[in-house]
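The values are calculated or read from the model by the stated rules, or taken from the named source; none is laboratory data. None of the values given here were measured: they were computed from a predicted structure. Note that each Cβ is placed from the backbone with ideal geometry, even for glycine, and that neighbours are counted across all protein chains shown. Quick note on the areas: whole protein, heavy atoms, side chains included, nothing else; ligands and nucleic acids left out. Shrake-Rupley method; radii C 1.70, N 1.55, O 1.52, S 1.80 Å.
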Amino acid sequence: MQRILGTLLLLLLSGNVHAALNVFACEPEWAALTQQLAGSQANIYTATGPLQDPHQVQARPSLIAKARSAQLLVCTGAELEVGWMPVVLRESTNSNIQPGSAGHFEAAKYVAMLEVPSRLDRADGDVHAAGNPHIQTDARNFLPIADALSKRLIELDPANTAYYQQRHAAFDQQWRAAIAKWEKQAAPLKGVAIVVHHKGFPYLNDWLGLHEIAELEPKPGMEPSAAHLEKVLGDLQQHPARMVLRAAYQNERPSEWISERAHIPAVMLPFTVGGTPQATDLFGLFDDTIQRLLAGLH
Amino acid sequence: MFKKICSNTAFAVLLGHSLGAFAHDTSSDNAFNPALWLILSGTYGNMQRDPAIPATGFAMSPNPAQTQGFSLGESELGVAADIDPEFRGFATFSILSASISVENAFVQTSTLGNGLNLKFGRFFSSLGYLNEQHAHAWDFVDQPLVYNTMWNSQLIEDGMQLKWLAPTDMFVEVGGEVGRGFGYPGTDTPRNGSGATVLFAHIGDDIGIEQSWRAGISAHQTRQTNAQSTAVPDLLNTPGGVSDSFNGNSNTAGLDFIWKYAPNGNFRERYVKVQSEYFRRRQDGMLTYATQPGGANIADRYIDTQSGWYVQSVYQFMPTWRTGLRYDRLDPGVATVGALNAGNVISNYAYTPSRITWMADYNASEFSRIRLQLVRDNSRQGLPDNQLFLQYIMSMGAHGAHQY
């Protein structure tokens, strides 16, 4: 009897040892990256959808329940999730994923941040002290993040070190090749003047050389106002732009308004995995982003 | 909904300069130094009737009525930080017109693990849905009638709370509180042991990406000792100045439900939320009735079961504008009054207080809100009241994330 019980116990325990890592990904791009790096070794829950404004997420009961059993949290950081993550972390009572522990991964820590404000004043709108958090629009940023995330997976699940190393090496190689391809495709975009709905694309601009001349939001996070749109339209008479960009989750009306009056195309970008039907994974995200930008040129 | 605070660091920067330490970190609202925030809030209220008159049949309950004219409302100063890796501290002070009072001051554990969460100090009880929300997060200027009469607006407790979050995909949380019995209906009687207990359970989940919900049940128990109700003319035409005093058990059970919907789950553009709560209280004990000031006291059995509910909906129809509608209803119940007091105390009011409230608010950003509220108040028999409120709620500093 004891032997049977012992065997059962061993089975249960060993079941746990081989169980995949439970990963709580804050945004779809980090779910996709974790999928690339961890393959079958991770159960990934994605907390937010591609059509949600990532600034306006709520600490829903489901998020707290999912965070309770997570071994790894993969988020942007840089205060993007500050509106809901503190509640989720506190209520989940899960010490594995609290800030400072190995299970708490913030992608923004591994890239050079842009638009770090020299002064913090809410009169400037929705500015983040650590810099602009929309780091996922520059494909190059995924290289150091993937490297750090892969090391974190190994730290949490050393039994599968070889598996993670092999997947990371494969991703790194494919991604570098893809970046070279995208940069070649995007060559005509260099120096192209654009208008954006929200300051969501500084990393994309930095990468592809797009030149941002105006935003439709009067201040980051504030609604585009009629007065401000008129002003942008006036400025465009002096300094014409080639297109107006917005993320898939943003309301199309302000860009359509500018598009009609300034006679420039309104281009919707997926912004993250799932933002458009073509952006099915990280590769699709950038393939589609560049196709849409190039289409906007014509 | 002041959902997200992007720069929790405006104050941290100030502190950082003075303390020579400043960490730029993380998704937590901690950033090395304590998070500090100040909610500036104020109300203008216009009522046709004296707000001090309680709802019919609830004269023994408190009446946290709104102030006529201009008032500071629920301005609030808050501080929160991790104390060390094991404990987190949280305190809010409400700034009333002439004083500052300690609204919350509690310590919470961070590392118990296994889904356990222990809190001790002064806190808003986790019963119901609205009880834990701070005034600046309310969708209307005031609380529902059922909260006003059953919890004196909000149940505050000095005590301990233990919660357990089940390791399930669906949100399942159960918890209990023991406390001093500091907040109404507790009578804050000095005694060893606890003066009140609360039990609660919550479940919740998503339906696709667009809908989410939470439902809960709760129970509250306390023994009321010499619970005074002054200026309670229970019998119409009783001269003023008499008082009731109740000694007995108070048991309350509640149900709460909230459902939220946003197209594509995108709360930025549009959303709807619908919520409803129901509470039922049985008071069983002795009522001591003073027939006139200094006169003979008459004590006899008193049992009453009272209940109340509300249903409300808020619709954000564009990013900066929201509107909401709320319906309140109370049932004073039919009291069993002992023979000695049968002539002094009304047992059946045969009136159900109700109220209908409409609001619209403008939110330039998630940190500022200006609200108009119109009310048709039929909570007092024969005294219908039309009310108008104007309110501002502005939040400064590192004001942490809100609960669901």
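Structural remarks
- Enumeration of residues in segment B:313-332 that are in a loop (DSSP other than H, G, I, E, B) and touching a residue at least 60 places away in the same chain (Cβ under 8 Å): B:Pro332
- Residue count for segment A:108-125 satisfying the condition of being at the interface with another protein chain (Cβ under 10 Å from one of its Cβ atoms), on the phi < 0 side of the Ramachandran plot and of a type outside the set (A, V, I, L, M, F, W, C): 6.
- Odd one out for A:Phe105, checked against (1) at the interface with chain B (Cβ under 9 Å from one of its Cβ atoms); (2) within 20 Å of A:Ala47 (Cβ to Cβ): (1)
- Qualifying residue in segment B:139-150 (condition: in contact (Cβ under 8 Å) with a residue 12 or more places away in the chain, surrounded by fewer than 18 Cβ atoms within 10 Å (Cβ to Cβ) and either under 23 Å from B:Arg88 (Cβ atoms) or not β-branched (Val, Ile, Thr) (or both)): no
- Tally of residues being touching a residue at least 60 places away in the same chain (Cβ under 8 Å) and over 22 Å from B:Asp188 (Cβ atoms) across segment B:117-133: 3
- Residues (exposed (fewer than 15 other Cβ atoms within 10 Å of the Cβ) and either out of contact with any strand residue (DSSP E or B) (no Cβ under 7 Å at 6 or more places or on another chain) or not hydrophobic (A, V, I, L, M, F, W, C) (or both)) located in segment B:324-337: B:Thr336
- Selection count where residues are closer than 26 Å to B:Ile203 by Cβ, hydrophobic (A, V, I, L, M, F, W, C) and not in a loop (DSSP other than H, G, I, E, B), scope segment B:139-186: 12
- Residue match in segment A:234-246 (condition: part of a helix (DSSP H, G or I), more than 23 Å from the chain's Cα centre (by Cα), over 28 Å from A:Phe283 (Cβ atoms) and in contact (Cβ under 8 Å) with a residue 24 or more places away in the chain): yes
- Which numbered condition B:Arg191 misses (of (1) assigned to a loop (DSSP other than H, G, I, E, B); (2) within 15 Å of the chain's Cα centre (by Cα)): (2)
- The one condition in (1) open to solvent by less than 40 Å² (accessible area, probe 1.4 Å); (2) within 14 Å of another protein chain (Cβ to nearest Cβ); (3) touching an Asp or Glu at 6+ places or on another chain (Cβ under 8 Å) that B:Gln403 fails to fulfil: (1)
- Sole exception among (1) in contact with a helix residue (DSSP H, G or I) (Cβ under 8 Å, 6 or more places away or on another chain); (2) more than 26 Å from A:Ala108 (Cβ to Cβ) for A:His239, by number: (1)
- Considering segment B:63-107, the qualifying strands (runs of 3 or more DSSP E), each wholly inside and each with 2 or more residues that are at pLDDT 85 or above and buried (at least 18 other Cβ atoms within 10 Å of the Cβ), run over B:75-82, B:87-95.
- Of the residues making up segment A:182-190, not a single one is among the small types (Gly, Ala, Ser) and in contact with a Phe, Trp or Tyr (Cβ under 7 Å, 6 or more places away or on another chain).
- If the condition is being open to solvent by less than 10 Å² (accessible area, probe 1.4 Å) and within 14 Å of chain A (Cβ to nearest Cβ), then segment B:114-138 contributes B:Gly115, B:Asn117, B:Phe123, B:Ser126.
- Of all residues in segment B:364-382, those satisfying the criterion of being of a type outside the set (A, V, I, L, M, F, W, C) and within 14 Å of chain A (Cβ to nearest Cβ) are B:Ser365, B:Glu366, B:Ser368.
- Residue ID - farthest from B:Trp37 (Cα to Cα), chosen from residues in segment A:93-128 that are out of contact with any strand residue (DSSP E or B) (no Cβ under 7 Å at 6 or more places or on another chain) and among the polar types (S, T, N, Q): A:Asn96
- Among the residues of segment A:59-76, just one is modelled with pLDDT of 95 or more, in contact with a helix residue (DSSP H, G or I) (Cβ under 7 Å, 6 or more places away or on another chain), open to solvent by less than 10 Å² (accessible area, probe 1.4 Å) and within 7 Å of another protein chain (Cβ to nearest Cβ), namely A:Cys75.
- Look at segment A:201-219: where a residue is farther than 14 Å from A:Val244 by Cβ and modelled with pLDDT under 95 and a partner is open to solvent by 10 Å² or more (accessible area, probe 1.4 Å) and in a helix (DSSP H, G or I), sitting 6+ places away or on another chain with Cβ atoms under 7 Å, you get A:Pro218/A:His228; A:Lys219/A:Asp124.
- Restricting attention to segment B:334-369, the residues being in a loop (DSSP other than H, G, I, E, B) and either touching a His at 6+ places or on another chain (Cβ under 6 Å) or hydroxyl-bearing (Ser, Thr, Tyr) (or both) number 4.
- Segments classed as helices (runs of 4 or more DSSP H), wholly inside segment A:17-127, with at least 1 members that are under 13 Å from the mean Cα position of the chain (by Cα) and under 28 Å from A:Glu252 (Cα atoms): A:28-38
- Test: residue in segment B:178-193 that is closer than 15 Å to B:Ala253 by Cα and either within 8 Å of chain A (Cβ to nearest Cβ) or modelled with pLDDT of 95 or more (or both): no
- Helices (runs of 4 or more DSSP H) fully within segment A:138-224 counting 2 or more residues that are closer than 28 Å to A:Ala42 by Cβ, open to solvent by less than 60 Å² (accessible area, probe 1.4 Å) and touching a strand residue (DSSP E or B) at 6+ places or on another chain (Cβ under 9 Å): A:142-156
- Of the residues B:Tyr289, B:Tyr278, the single one that is under 30 Å from B:Thr189 (Cα atoms), of a type in the set (Phe, Trp, Tyr), assigned to a strand (DSSP E or B) and open to solvent by 10 Å² or more (accessible area, probe 1.4 Å) is B:Tyr278.
- Single unsatisfied condition, A:Asp235 versus (1) surrounded by fewer than 20 Cβ atoms within 10 Å (Cβ to Cβ); (2) modelled with pLDDT under 95; (3) more than 29 Å from B:Phe367 (Cβ to Cβ): (3)
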